[in-house]
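Peer 1: One structure is given below, represented as structure tokens, and several questions about it will come after.
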Amino acid sequence: MDNNLVIYNSLTRKKEQFTSIIPGHVGMYVCGPTVYGDPHLGHARPAITFDILYRYLNHLGYKVRYVRNITDVGHLEADSDDGEDKIEKKARLEKLEPMEVVQYYTDRYHNFMDKLNVKKPSIEPRASGHIIEQLQIVDKIMEAGYAYESEGSVYFDVVKYNEKYNYGELSGRVLDDLLNTTRELDGQTEKRHSVDFALWKKASPEHIMRWPSKYSEGFPGWHLECSAMSTKYLGEQFDIHGGGMDLLFPHHECEIAQSTVANGKKPVRYWMHNNMITINGQKMGKSLGNFITLEEFFTGSHKLLDRAYSPMTIRFFILQAHYRSTVDFSNEALQAAEKGYRRLMDGLKTLEKVKPGKESGFNVDEWSNKCYEAMNDDLNSPVLIAHLFEGVKHINNMAAGKSSLNEEDLEKFRKSIEMFSYDILGLIDEEDTSGAGNTVLNEVVDLLLKLRLEAKANKDWATADQIRDELQKLGFVIKDTKDGSEWELK
RNA sequence: GGUUCCGUGGCCGAGUGGCUAGGCAGUGGUCUGCAAAACCACGUACAGCGGUUCGAAUCCGCUCGGAACCUCCA
């Protein structure tokens, strides 16, 4: 399939022309959330980043199978010696069934992703639903001789793997350095080397999330689920694997090792990693406790927030930075994003009313091509947005009668700018009040404004201003135009 | 300590050898009964110091500052 899409491949640390393994089809896997807590701003970034990629690939004509997992088992608590499962710990704290916790936060995650207008993936597999597949991979790796059993647990032999393959090819690590610098952790006696990682962990007696296997009653290791589920749904080799940069090592490095041994080939063509969202220059994250949940953003209920910010403001804020750059959170930046977002939406609204002229004052194809170039250049959404603002300038000029497009160009331009704004960037006009159910309200406001127009015609400024002021108090924004006035409800 | 990355005008944020994105804020103006909105004009910024080059924010070196990963993390 023809395209000019270039994406930055973390594996080669270069921008590369994108070509899919099977022409016309793309397999894409993105690491989803671990559902033991409320989604925060950091979760929004990969969801939105890869949502853009998904939308754009679809737009280019690819049939995309987009798999984004839900991690509901398997990750060990950072400083717990007994290997207690995160989900389980939270469950005990809240006296809920582990799967109840999983369900609750999964629903929350879905709900907030919907608000952010993130498209649902094609498949959203759960780790707990793929224990058999994970165990099959453990067996394969055992048979290949790259894993060993130790007291009911199974570990991947990184040192042996590195003799034939390159452990560290993705993250740029050197095994010898890792062996020297990795600090000693408890429970490491079972492992031959500090760098070895668990494929299967034997459950301690109090561990309730457990599954039977020939090794022990236990649960799958840290990194296995992604290898299992990506292989199952996308095949042994697929096109794109995405996730946050913090997953690059060790998670994705281990994934490569596992899949390479299990399937005998490199699993992924293009690795893509989004950067972190920072707060006061530091990563926003669970471990630092400095995260702000999406709910807190939408309601304004966090001490660092001046006020609430809408889902589309958050989306626009994230898209105004390139996905591989860090983006620093601040109220000022968010408010600037909100205004910019409104400017774009208002421009699109104005465009609906623009009438075609005889001449075309600017080259629509040229403009459209620049938009494509921005997207093709490793999804450069900030540059695309800059072009969209240029489009808004054209729109405003046309509305002011200072420029125009002929009928054909106007239609082309409208389609193009709406496509980039709504379909590719996934923006929605949150202030769209013209929906059903508002008919009566619309007519009432229109009536009041008609009265005001009459008052204005009679130079009865007192009445005219009274109507405007009272409406403004109720939250309406009144904009006078040359043939009347427009309004919207804030 | 190791590996990697970054430091751009008041703020956010693109660019990455010559053609000086964009948004927000600010100032002046046009329009308007006033206002809002819109439009027009205005800011020569690239951490510091050297070097390469006809020419560097962009390449190289050093210095300073910051971050990420090395441990669960989006």
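The values are calculated or read from the model by the stated rules, or taken from the named source; none is laboratory data. What you are looking at is a predicted structure, and each value in this text was computed from that prediction instead of being measured. Note: ideal-geometry Cβ built from the backbone for every residue, glycine included; neighbour counts use all protein chains shown.
Peer 1: Residues in region A:458-489 that are under 41 Å from the mean Cα position of the chain (by Cα), part of a helix (DSSP H, G or I) and more than 10 Å from RNA strand B (Cβ to nearest atom): how many?
Peer 2: Going through region A:458-489 one residue at a time, the tally reaches 2.
Peer 1: Only residues in region A:222-239 that are over 17 Å from A:Ile87 (Cβ atoms) count as the first member; pair them with residues that are among the small types (Gly, Ala, Ser) and in a helix (DSSP H, G or I), Cβ under 6 angstrom, at least 6 apart or cross-chain, and list the lot.
Peer 2: A:Ser227/A:Ser259
Peer 1: Still on this model: A:Phe50 - would you say it is within 16 Å of RNA strand B (Cβ to nearest atom) and of a type outside the set (Lys, Arg)? Talk me through it step by step, then tell me what you get.
Peer 2: On the way: within 16 Å of RNA strand B (Cβ to nearest atom): yes; of a type outside the set (Lys, Arg): yes.
Criteria met by A:Phe50.
Peer 1: If only one of A:Ser325, A:Ser287 is at pLDDT 90 or above and of a type in the set (Ser, Thr, Tyr), which one is it? Can you show your working first?
Peer 2: Working: A:Ser287 fails: at pLDDT 90 or above.
Within the list A:Ser325, A:Ser287, the selection yields A:Ser325.
Peer 1: Does region A:430-450 contain any residue that is touching a helix residue (DSSP H, G or I) at 6+ places or on another chain (Cβ under 9 Å), of a type in the set (Ser, Thr, Tyr) and assigned to a helix (DSSP H, G or I)?
Peer 2: Within region A:430-450 (the criterion being touching a helix residue (DSSP H, G or I) at 6+ places or on another chain (Cβ under 9 Å), of a type in the set (Ser, Thr, Tyr) and assigned to a helix (DSSP H, G or I)), the answer is no, since none of the residues qualifies.
Peer 1: Could you please let me know if A:Leu448 is without any contact (Cβ under 8 Å) to a residue 24 or more places away in the chain and either within 16 Å of RNA strand B (Cβ to nearest atom) or crowded, with 17+ Cβ neighbours inside 10 Å (or both)?
Peer 2: yes
Peer 1: Could you please tell me which pairs satisfy a Cβ distance under 7 Å, a separation of 6+ or placement on different chains, a first residue in region A:372-395 that is under 18 Å from A:Thr49 (Cα atoms) and assigned by TED's automatic domain parsing to the domain that holds A:Leu344, and a second residue that is among the hydrophobic types (A, V, I, L, M, F, W, C) and within 6 Å of RNA strand B (Cβ to nearest atom)?
Peer 2: As it stands, the answer is A:Ala374/A:Val383; A:Pro382/A:Ala321, since those pairs meet every condition given.
Peer 1: Do you know which of the residues in region A:332-379 that are within 25 Å of the chain's Cα centre (by Cα), surrounded by 18 or more Cβ atoms within 10 Å (Cβ to Cβ) and not in a helix (DSSP H, G or I) is nearest to RNA strand B (Cβ to nearest atom)?
Peer 2: A:Asp378
Peer 1: Output the qualifying pairs, or none if there are none: Cβ atoms under 9 angstrom, residues six or more apart or on different chains, first residue in region A:24-49 and of a type in the set (Phe, Trp, Tyr) and modelled with pLDDT of 95 or more, second residue part of a helix (DSSP H, G or I) and more than 8 Å from RNA strand B (Cβ to nearest atom).
Peer 2: Pairs found: A:Tyr29/A:Cys226; A:Tyr29/A:Met229; A:Tyr29/A:Ser230; A:Tyr29/A:Tyr233; A:Tyr29/A:Leu234.
Peer 1: From the list A:Val158, A:Val174, A:Val195, exactly one residue is surrounded by fewer than 17 Cβ atoms within 10 Å (Cβ to Cβ) and within 16 Å of RNA strand B (Cβ to nearest atom). Which is it?
Peer 2: Of A:Val158, A:Val174, A:Val195, the one residue that is surrounded by fewer than 17 Cβ atoms within 10 Å (Cβ to Cβ) and within 16 Å of RNA strand B (Cβ to nearest atom) is A:Val174.
Peer 1: Right, something else. Does at least one position in region A:380-388 carry a residue that is within 10 Å of RNA strand B (Cβ to nearest atom) and assigned to a loop (DSSP other than H, G, I, E, B)?
Peer 2: Yes; the residues of region A:380-388 include at least one that is within 10 Å of RNA strand B (Cβ to nearest atom) and assigned to a loop (DSSP other than H, G, I, E, B).
Peer 1: What number goes with the only condition from (1) away from RNA strand B (no atom under 11 Å from the Cβ); (2) within 27 Å of the chain's Cα centre (by Cα); (3) of a type outside the set (A, V, I, L, M); (4) not in a helix (DSSP H, G or I) that A:Ser204 does not pass?
Peer 2: (2)
Peer 1: A follow-up question, please. Any residue at all in region A:250-266 that's assigned to a helix (DSSP H, G or I), touching a Leu at 6+ places or on another chain (Cβ under 9 Å), within 16 Å of RNA strand B (Cβ to nearest atom) and free of Cβ contacts under 8 Å to residues at least 40 places away in the same chain?
Peer 2: Looking for residues that are assigned to a helix (DSSP H, G or I), touching a Leu at 6+ places or on another chain (Cβ under 9 Å), within 16 Å of RNA strand B (Cβ to nearest atom) and free of Cβ contacts under 8 Å to residues at least 40 places away in the same chain, one finds at least one in region A:250-266, hence yes.
Peer 1: Just name the residue that is modelled with the highest pLDDT out of those in region A:391-406 that are closer than 25 Å to A:Glu338 by Cβ and loosely packed, with under 15 Cβ neighbours inside 10 Å.
Peer 2: A:Lys393
Peer 1: Identify all residues within region A:258-292 that are in contact with a helix residue (DSSP H, G or I) (Cβ under 9 Å, 6 or more places away or on another chain), surrounded by 20 or more Cβ atoms within 10 Å (Cβ to Cβ) and within 30 Å of A:Gly235 (Cβ to Cβ); write none if there are none.
Peer 2: A:Gln258, A:Ser259, A:Thr260, A:Val261, A:Ala262, A:Pro267, A:Val268, A:Trp271, A:Met272, A:His273, A:Asn274
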